Structure formats: structure tokens, C-alpha cells
Amino acid sequence: SAVISQKPSRDICQRGTSLTIQCQVDSQVTMMFWYRQQPGQSLTLIATANQGSEATYESGFVIDKFPISRPNLTFSTLTVSNMSPEDSSIYLCSVSMNTEAFFGQGTRLTVV
Amino acid sequence: AQRVTQPEKLLSVFKGAPVELKCNYSYSGSPELFWYVQYSRQRLQLLLRHISRESIKGFTADLNKGETSFHLKKPFAQEEDSAMYYCALRGGTSYGKLTFGQGTILTVHP
């Protein structure tokens, strides 16, 4: 299994600013995943972060808006840039081990 | 493209009643199907997966390829089953990423 720590757990941010979310895993993993859960919506994959290479973004998500770092096999960050109220969501970090996905507790972001 | 549909956003039952949470999927190959659950104030966690063919907390789910369904069932619901349930799919070349359904909030009344 994997234990994932995410921080911050929540934040309220001004529009136009950026927030970086950190994700720490207690074991080494090849891929880490970032999901977004907008209010009343399902989880949507933003990107897949591989160590040593650029992240792979899903349709509708771009690196300029959601830059990702993956400096080692246990850590990743997701930045939400130039925020607007539409970015208010829960952001989740996830890893997959033995076909099971494990999730962080999420970062609840409110943009005002 | 892969898609997961959970037609019921809300489902309410009384304790002891049977419960079925519906999930339909669209995928051209052989998918892996999962049910994830999120209890109040807890993180999302795996409930069961179709390849295991196991019963977890009294819940079972059978993959029906003909109907492209993976409905979650429990014969006698308990109050502690109240939670958000997500059906999820992993395609053969998805390298671990999941496609989620919209989720169903199950409420079990005493």
C-alpha cells in the first residue's frame, strides 16, 4: 500500500495568484497522478507525472495553467496558476500500486 | 475513448434493504473495473475490483461485458454504508490512470 500526504489541505486564494500543492508518498513510485474534482462533479485526471520527464496532460489541461514538478520518485507538486473562481475545486494526488490506486486527502481550493 | 456512467447521483434506502448502485461503461478493449468509496471526512479508497471477484463489507460487483455494466450490490444495507461511491475504469494502456463515473451518494436511513 501507499500513504500519501498532501498539503495544504485547504486554502482560500485571491484570483490572479498561484498556489502550489505538494504530494509526498511513503514509497517510490514511477507515476503520480493529479486529479481535479469540481463541486458536484466527478474526478477528472489533469496529468500524469513521471520522474525525469515532462508531465503528460489530458485534453483540456495545459502546462502553463497547471505546471507540475516531479523531482524524485516520492514527491510531486502541482501549481494552479493565475487562478480564477472556476479553479475552485478539490485537487487530489494519486499513485497506483499493484493495480490499486491510492489517494491523498485532497486540497480544497477556493478562489475569491 | 473510455467513459463511465453512474446514472444515480443520489440513492436512499432504509437499513436492511437491498441496495444496487449502477455503473455502465464504454471501452473498446478489456477494461479493469473498480468501485471506490469515500466515507465522510475520509479519503477515497478502493472498495473492490472486478478481477478479485471478492465480497468486501458485504458488497459484490459482477462485470457484465454484454451489458457493459459493473453494478455494485449489497443484500442488506447498513447505516455505515452511507458514503460516496465511484465506479472507475482503467483501460489496458492507461498506465494506471483511472476514468471515474460521476459518483453516487448512498444514504442508508435507520
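The values are calculated or read from the model by the stated rules, or taken from the named source; none is laboratory data. Quick caveat: nothing in here was measured; it's all calculated off a predicted structure. Positions of Cβ are backbone-derived with ideal geometry, glycine not excepted, and every protein chain shown enters the neighbour counts.
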Exercise. Considering only region A:69-112, give the strands (runs of 3 or more DSSP E) lying wholly within it that have at least 1 residues that are touching a strand residue (DSSP E or B) at 6+ places or on another chain (Cβ under 9 Å) and farther than 19 Å from A:GLN28 by Cα.
Key: A:75-80, A:89-97, A:107-111
Quiz item: What residue, among those in region B:72-82 that are without any contact (Cβ under 8 Å) to a residue 60 or more places away in the chain and buried (at least 20 other Cβ atoms within 10 Å of the Cβ), is farthest from the other protein chains (Cβ to nearest Cβ)?
Solution: B:LYS74
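Okay, residues lined up against (1) under 19 Å from A:GLN105 (Cα atoms); (2) touching a residue at least 40 places away in the same chain (Cβ under 8 Å); (3) touching a strand residue (DSSP E or B) at 6+ places or on another chain (Cβ under 6 Å):
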| site | (1), (2), (3) |
| --- | --- |
| B:SER30 | no, yes, no |
| B:TYR36 | yes, yes, yes |
| B:ILE51 | no, no, no |
| B:ASP62 | no, no, no |
| B:GLU67 | no, yes, no |
| B:CYS87 | yes, yes, yes |
| B:LEU98 | yes, yes, yes |
Practice problem: Among the candidates A:GLN14, A:GLN51, A:GLN22, single out the residue that is modelled with pLDDT under 95 and either away from every other protein chain (no Cβ under 14 Å) or surrounded by 13 or more Cβ atoms within 10 Å (Cβ to Cβ) (or both). | Solution: A:GLN51
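Considering region B:52-97 alone, what residues qualify as being of a type in the set (Asp, Glu) and closer than 22 Å to B:LYS9 by Cβ? Please lay out each step first, then the result.
Step one: list which residues in region B:52-97 are of a type in the set (Asp, Glu), which gives B:54, B:62, B:67, B:79-81.
Result: B:GLU67, B:GLU79, B:GLU80, B:ASP81.
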Quiz item: Do you know which of the residues in region B:22-34 that are crowded, with 20+ Cβ neighbours inside 10 Å and assigned to a strand (DSSP E or B) is farthest from the other protein chains (Cβ to nearest Cβ)?
Solution: B:TYR25
Quiz item: When the residues of region A:89-103 are filtered to those that are polar (S, T, N, Q), at the interface with chain B (Cβ under 9 Å from one of its Cβ atoms) and surrounded by 15 or more Cβ atoms within 10 Å (Cβ to Cβ), which remaining residue is farthest from the chain's Cα centre (by Cα)?
Solution: A:SER96
Exercise. Mind listing whichever residues of region B:42-71 are more than 14 Å from chain A (Cβ to nearest Cβ) and part of a strand (DSSP E or B)?
Key: B:PHE59, B:THR60, B:ALA61, B:ASN64, B:SER69
Quiz item: Looking at this structure, is B:VAL37 surrounded by 16 or more Cβ atoms within 10 Å (Cβ to Cβ) and within 14 Å of chain A (Cβ to nearest Cβ)?
Solution: yes
